[in-house]
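K.L.:
The structure follows.
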Amino acid sequence: MTSPRMGADAVPGRVPDVWGKIPPRNKNFTGRDELLDRLRAGITGNVTAVVPHALHGLGGVGKTQMAVEYAYRYRPEYDLVWWIPADQPVLVRSSLAGLASHLGLPSAAASGIEDAANAVLDALRRGDPYSNWLLIFDNADQPEELIDSLPHGPGHVLITSRNHRWDGVVDTVAVDVFTRAESAEFLRKRVPRGVDRAEAERLADALGDLPLALEQAGALQAETGMSVEEYLRLLRERTSQLLAEGKPTEYPASMTAAWGLSVSALDRTLPEAIDLLRCCAFFGPEPIPRDLFSQPKASLGPRLTRLLADPIQLSRVIAELGRYALARLDNQSRTLQVHRLIQALLRDELPEDAKERIRHEVHLLMAGYAPANSENRLGWPRFFNLLGHIGPTELAGCQAPDVRTLALNMVRYLVVSGDYVSARALAEDFVERWAKDSGEDHYDVLNVHLELAIVLRELGQFGASAELSRKTKTIARRTLGPDDELTLRFLRGDGADMRAGGDFQSAKASDEEALRLHRGKFGDADSRTLLALNNLALDYALSGDYVGSRRLHEEAYQAQLVLDPEAGNPNRLLIAWSGLARAVRLCGDYLEACDFGEDAYAFGVEQLGAEHIWTLRTQRDLSIASRRSAEYDRALELASDVHARCLRLFGLDNPDTLASAMALSNVHRSMGNLEEAHELAADTVRRYPSVYGKDHPYHHGCVGNLAVLRRLMGDPANARQLNDTAINGLESKLGRDHHYTLTVALNLVSDLSALGKAEDAARLGEETLRRLRTSLGDEHPLASACAANLSLDYEALGRSEDAAALRERTEEVYRTTLGPEHPDARIFLERRRIDTDFDPAPV
């Protein structure tokens, strides 16, 4: 590993191999040589934070500009320089993940944001492929929110922050106002004509040497040709006026006065620019998309409406804001950004009624910019651009229909893109505010309650979801009627709540009614009808009608392809696709399920990302199909990966994590790794009741899996006890003929045989085989496994003719279905017992 280059070793003019998203260099940057030297000396300790002097915690001292200058000044010494906006911790990981491809790592689209970010941090730590790297985290607020995302290793980390708590975490360099000499030098550079040193020093004294105030003054003089004497006179008048008003202020008076002069001057020449600037003050401090202002709205103020309708004038206004140093423009990303201190000053000088009016105009602009369809991935970048502005603009408080539609669509966007934690936070915020403003019966409140119920269900909080859904559906039926679209959406969720409660038959009946009502209201080919069809297909599978489930899933998949040929809605298409792949596997067509499932999984990774919940569910199903096809290495790879992701993303006590743990346990058992399999199965059995309840069929099914392992590890007596308990639980919930019950019964037969109870084993085996053939057919793999094991029990009892006949018939079935090389067929031919297992399906 090489050590970081120092200045003497760097090649002058050299550009790093990776130069990512560094803001343009400030051509007027002045001084700070001592600070930059201190920063360069201190940064060799890996992590350094640039914070303001204690007297200037609100900003304006030039922390970000110093970081930018450091990047440009020392870039010959680095192989990689990467800029990370850290205003919102949730976006830091995305910025880190964006580095992956530059380091020869799988992109976030292929591996997921979290895995890509972690891989980047690991590569930086190892210095592979670059040991000379610099990462700059700009505007990091709370240390505890960022500390896990800071890379360690041979490179350097630079942080800018207004928060002095970084002092106790990393080395810091405090940035104060300019020295008087730096102020004078800056002004003479910023205003190249008409400012001598004495005038510059007078101006710097009046402005307190605050860099942001000096930038305001220099820009105003450069644009207007105003003399220093005139500027100082106006500044004195403005400052006296502020003091006379007696308003308490936490901002430096010099900054407030300088800002006011710039605004007044621009207001006289181009008043529309101030209208736009005031709009920008009510956004968040993050970049604002230029295209947001290309949405003229008749309900805006008349000057702003005229401005937005004139693209040429709009471009001029935005350019003037940049020239007057009132906004920072980024032409590459087509954004403009206003310093948070200027935003605060702009807001504070407005009366309350003007604040409310402008804030409302901002809401309308955001609503006009947002796509109408939150589920079409082509519009997702726009929702992402707005995400950082939802809270700062106080969007939850707006009651305009278009704005509430934006709020609902933002929650839906987060759901379909897989960010359930953020979706929940937003939905709960909207629920609280809207219910207070509009009442529990209002349509918008019912709508956001529905979205929150969906989010809770996806997060595995089934009880809370069902309770919220029941309560709100009752109100919806009473106020909107039973066939209103919103009421029908609640009805679509009823089946999921019933499945989560283990009542599969009631879920099927509910979903049959929901599908009938959807077809009557929307038609067969509507996407809402197809969601209802998918739900019913899942009910069919949970009821043991695999053929019927496959037929319904195929109908939904084919119809969804027609609706969405370009994957504008990949979430719904993947739901149909993965459901069909699962149904194919349940029918016993394992190879076809693998081939079809691989395509579905690749689609999910490409369109939704590796860590989207439906990509993960598709991956888990593919691991099961691979295991059933005896592709154990592939099954282990998939199952290990999906379990690790679910564990990291959702925690231990989550239904998707537990289902993934059981899938991984089953792979380990199939490969002979009994200790690993047992550890996972036992832990899952302990945890399942906290998610679904102790009487849920999934819990009993997992107990059956644990019993198989106990027998294989030499304790058939305990296995029998566990299987007896599981069968009793399943039979009371689902009945004796359900395939879950029969799967456990098949394993109980093996327990009895291992305990020397051949007659009991044969008797239960005969009954189980009869029921399996009736429910699943003679050629289903479960029926074949039961027949294979029963032939062994017949032989143990001396019933040679019965055994031979059954073996002949079973061998023929294996030859025409799974093939003679399948592990089940080989185990049968070797006269060993076949073990069966259970895999929980999504509800």
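The values are calculated or read from the model by the stated rules, or taken from the named source; none is laboratory data. Note that the coordinates shown come from a computational prediction; the quantities given were computed from them, not determined experimentally. All Cβ positions, even for glycine, are placed from backbone atoms using ideal geometry, and neighbour counts span all protein chains on display. Keep in mind that these areas ignore ligands, DNA and RNA; they rest on the heavy atoms of the full protein, side chains included. Shrake-Rupley method; radii C 1.70, N 1.55, O 1.52, S 1.80 Å.
K.L.:
As I understand it, the value is the acute angle between the Cα axis of helix 739-754 and the longest principal axis of the Cα atoms of the chain; what does it come to in degrees, rounded to 10?
P.N.:
On a 0 to 90 degree scale, this one is about 60.
K.L.:
Further question on the same structure: Show me 181-190, 137-146 ranked by packing, highest mean number of other Cβ atoms within 10 Å first.
P.N.:
Top to bottom by mean Cβ count within 10 Å: 181-190, 137-146.
K.L.:
Sorted from largest down, give the three principal axis spans of the alpha carbons of the range 546-600, whole angstrom values.
P.N.:
Projected onto the principal axes, the Cα atoms of the range 546-600 cover 32, 22, 13 Å.
K.L.:
Excluding same-chain residues fewer than 8 positions from residue 355, which lysines have a Cα within less than 18 Å of its Cα?
P.N.:
By straight Cα distance, residue 355 reaches 247.
K.L.:
How big is the range 616-769 by the Kirkwood estimate over distinct Cα pairs, in Å?
P.N.:
Over the range 616-769, the inverse of the mean reciprocal pair distance is 15.8 Å.
K.L.:
Still on this structure: May I ask you to give the percent of accessible area on the range 104-219 that is carbon plus sulfur, with a probe radius of 1.4 Å? Spell out each step's value before the answer.
P.N.:
Details: 2130 of 4510 Å².
Percent of accessible area from carbon and sulfur atoms in the range 104-219: 47.
K.L.:
Which whole-number percent is the relative contact order of the range 295-451 (Cα, under 8 Å, 6+ apart)?
P.N.:
15 percent
K.L.:
Further, regarding this structure: On the Cα set of the range 603-669, report Rg and Dmax in Å, please.
P.N.:
Rg and Dmax of the range 603-669, Cα atoms, are 11.0, 33 Å.
K.L.:
Could you give each residue of the range 540-557 its phi-based ³J(HN,Hα) in whole Hz, using Karplus coefficients 6.51, -1.76, 1.60 with θ = phi - 60°, and x for Gly or Pro?
P.N.:
4, 5, 5, 8, x, 8, 5, 5, x, 4, 4, 5, 5, 4, 5, 4, 5, 5
K.L.:
Taking the range 383-536, how many lysine pairs are there with alpha carbons less than 21 Å apart, if each pair must be eight or more places apart or span two chains?
P.N.:
So the count of such lysine pairs works out to 5.
K.L.:
Can you give the Kirkwood hydrodynamic radius for the range 677-749, in Å, rounded to one decimal and based on Cα pairs?
P.N.:
So the Kirkwood estimate lands at 11.9 Å.
K.L.:
For residue 21, which lysines qualify as cross-link partners when the Cα separation must be under 29 Å and same-chain residues fewer than eight apart are set aside?
P.N.:
Of all the lysines, those that pass the test against residue 21 - Cα under 29 Å, at least 8 places apart if same chain - are 63, 189.
K.L.:
Highest mean first, what order results for 267-273, 766-772 on Cβ atoms within 10 Å?
P.N.:
Final packing ranking: 766-772, 267-273.
K.L.:
Give the average over all directions of the projected area of the C-alpha convex hull of the range 393-456, one decimal, in nm².
P.N.:
3.8 nm²
K.L.:
Can you run phi through the Karplus equation (6.51, -1.76, 1.60; θ = phi - 60°) for the range 790-804 and list ³J(HN,Hα) in whole Hz, with x for Gly and Pro?
P.N.:
Working through the residues one at a time gives 5, 4, 5, 5, 4, 5, 5, 8, x, 8, 4, 5, 4, 5, 4 Hz.
K.L.:
Helix-only estimate, please: 222 nm mean residue ellipticity of the chain, summing -39500 (n - 2.57) across DSSP H runs of length 4 or more and dividing by its residues, to the nearest 500.
P.N.:
-21000 deg cm²/dmol
K.L.:
Next question. With a Cα-only, solvent-free Debye model of the range 363-519, what are the log10 I(q)/I(0) values at q = 0.15, 0.16 Å⁻¹?
P.N.:
These q points yield log10 I(q)/I(0) values of -0.81, -0.91.
K.L.:
Could you give me D for the range 107-221, from Stokes-Einstein at 10 °C and 1.306 mPa s, where the hydrodynamic radius is the Kirkwood radius over C-alpha pairs? Units µm² s⁻¹, please.
P.N.:
In µm²/s, the coefficient is 91.
K.L.:
Whole angstrom only: what separates the Cα centroid of the range 171-206 from the Cα centroid of the range 593-649?
P.N.:
Rounded to whole Å, the Cα centres lie 61 Å apart.
K.L.:
Summarise the accessible area of the range 249-386 (1.4 Å probe, protein heavy atoms) by the percent that is carbon and sulfur.
P.N.:
50 percent
K.L.:
By average Cβ neighbour count within 10 Å, what is the ranking of 113-125, 779-791 from highest down?
P.N.:
Most protected by this proxy first, the peptides run 779-791, 113-125.
K.L.:
Still on this model: Per residue, how many Å² of accessible area does the range 609-761 show with a 1.4 Å probe?
P.N.:
On a per-residue basis, the range 609-761 sits at 33 Å².
K.L.:
Relative to the compact-globule scaling 2.2 N^0.38 Å, provide the ratio for the alpha-carbon radius of gyration of the chain.
P.N.:
Normalised Cα radius of gyration, the chain: 1.17.
K.L.:
Hey, can you grab everything whose amide H is under 5 Å from the amide H of residue 134? Only 5+ residues off in sequence or another chain; H modelled, so Pro and N-termini drop out.
P.N.:
Result for residue 134 returns 80, 81, 82, 156.
K.L.:
Still on this model: Whole-Hz Karplus ³J(HN,Hα) for the range 524-529, in order, using 6.51 cos²θ - 1.76 cosθ + 1.60 and θ = phi - 60°, x for Gly and Pro?
P.N.:
After applying 6.51 cos²θ - 1.76 cosθ + 1.60, I find 6, 9, 6, 4, 5, 5 Hz.
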